[in-house]
Amino acid sequence: GIGGSDAGAVCGLSKWATPLSVNLSKKDLSKFEGNEYTAYGHRMEPVIREWSREELGGVIEEVPGMFKSCEHDFMNANLDGLIYFEEEKKLSGVTLIGLGGHEIKESSGEGFTDEGDVPDQYYAQVQHYMQVTGLNWFILTAHINGKPELKHYPILRDDAFISALIKKETDFWENYVLTDTAPAPT
């Protein structure tokens with residue numbers, strides 16, 4: 001299926017992957033096994049999750065396993081965590097309450113701004129996750145390499161973006177993956 005990390009690439013929003021590289025990985029013709037940076041990011045997830053608990057309050061838990069969309073069976077989601085705020089929590093001018101998702105990134109800082117901007121591929125990733133899970137908000141937490149701080153970015157569900165995302169992912173799945181057709185290189 002198509003996971004959240006694939007969503008940005010399928011839409012042409014990733015600087016690390018393309019529709020062609022995603023297609024090749026779905027056919028087991030190419031695999032990214034990771035590198036020292038991805039290994040470091042995975043090791044840092046529990047630390048960043050605990051640090052986020054301290055800074056944000058509420059309940060933040062790791063999510064084992066994968067969600068699969070009931071509506072679009074090729075859409076999957078592996079969340080870094082779930083967050084629950086029993087009472088309203090204001091973050092960067094956004095009010096959050098109830099259950100939301102948590103995505104953790106170890107980053108060089110490129111694409112993240114103090115105004116709340118996040119890299120396009122991460123925005124697509126959490127919108128994909130919201131479609132699969134039905135959640136209405138996520139907090140994307142970024143630890144910028146070398147800095148002793150976390151940045152927390154609230155991201156609300158964007159149904160117009162999700163609708164376009166579903167169209168692109170459906171087209172990609174049905175016209176490339178299922179037909180064994182490679183998309184053009186970019």
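The values are calculated or read from the model by the stated rules, or taken from the named source; none is laboratory data. Everything numeric in this text was worked out from a predicted model, so none of it was measured. No Cβ is skipped: glycine too gets one built from the backbone with ideal geometry, and neighbour counts run over all protein chains shown. For the accessible areas, the whole protein counts, side chains as well, though only heavy atoms, and no ligand, DNA or RNA atoms are used. Shrake-Rupley method; radii C 1.70, N 1.55, O 1.52, S 1.80 Å.
Are any residues in segment 60-93 hydrophobic (A, V, I, L, M, F, W, C), surrounded by 15 or more Cβ atoms within 10 Å (Cβ to Cβ) and assigned to a loop (DSSP other than H, G, I, E, B), and if so, which ones? Outline the logic, then answer.
Applying the first criterion (hydrophobic (A, V, I, L, M, F, W, C)) to segment 60-93 yields 60, 63, 66-67, 70, 74-75, 77, 79, 82-83, 85, 91.
Next, only the ones that are surrounded by 15 or more Cβ atoms within 10 Å (Cβ to Cβ) stay: 60, 63, 67, 74-75, 77, 79, 82-83, 85, 91.
Passing the criteria: 63, 74, 79.
Here residue 21 clears all of (1) in a loop (DSSP other than H, G, I, E, B); (2) without any contact (Cβ under 8 Å) to a residue 60 or more places away in the chain except the condition numbered (1).
Residues in segment 27-57 that are of a type in the set (Asp, Glu) and open to solvent by 100 Å² or more (accessible area, probe 1.4 Å): 28, 33, 36, 54.
Yes or no, residue by residue, for (1) open to solvent by 10 Å² or more (accessible area, probe 1.4 Å); (2) of a type in the set (Ser, Thr, Tyr); (3) in contact with a strand residue (DSSP E or B) (Cβ under 9 Å, 6 or more places away or on another chain):
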residue: 99; (1), (2), (3): yes, no, yes
residue: 102; (1), (2), (3): no, no, yes
residue: 118; (1), (2), (3): yes, no, yes
residue: 126; (1), (2), (3): no, no, yes
residue: 133; (1), (2), (3): yes, yes, yes
residue: 147; (1), (2), (3): yes, no, no
residue: 151; (1), (2), (3): yes, no, yes
residue: 160; (1), (2), (3): yes, no, no
residue: 171; (1), (2), (3): yes, no, no
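If we scan segment 46-57, do we find a residue that is assigned to a loop (DSSP other than H, G, I, E, B) and of a type in the set (D, E, K, R)? Checked segment 46-57: no residue is assigned to a loop (DSSP other than H, G, I, E, B) and of a type in the set (D, E, K, R).
Here is a check on your reading of the model: is residue 12 in contact with a helix residue (DSSP H, G or I) (Cβ under 9 Å, 6 or more places away or on another chain) and of a type outside the set (Asp, Glu)? Yes, satisfied.
Here residue 53 passes the criteria (1) farther than 23 Å from residue 8 by Cβ; (2) touching a Phe, Trp or Tyr at 6+ places or on another chain (Cβ under 6 Å) except the one numbered (2).
Selection of segment 1-42 for residues being closer than 19 Å to residue 78 by Cβ and among the basic types (Lys, Arg) yields 26, 31.
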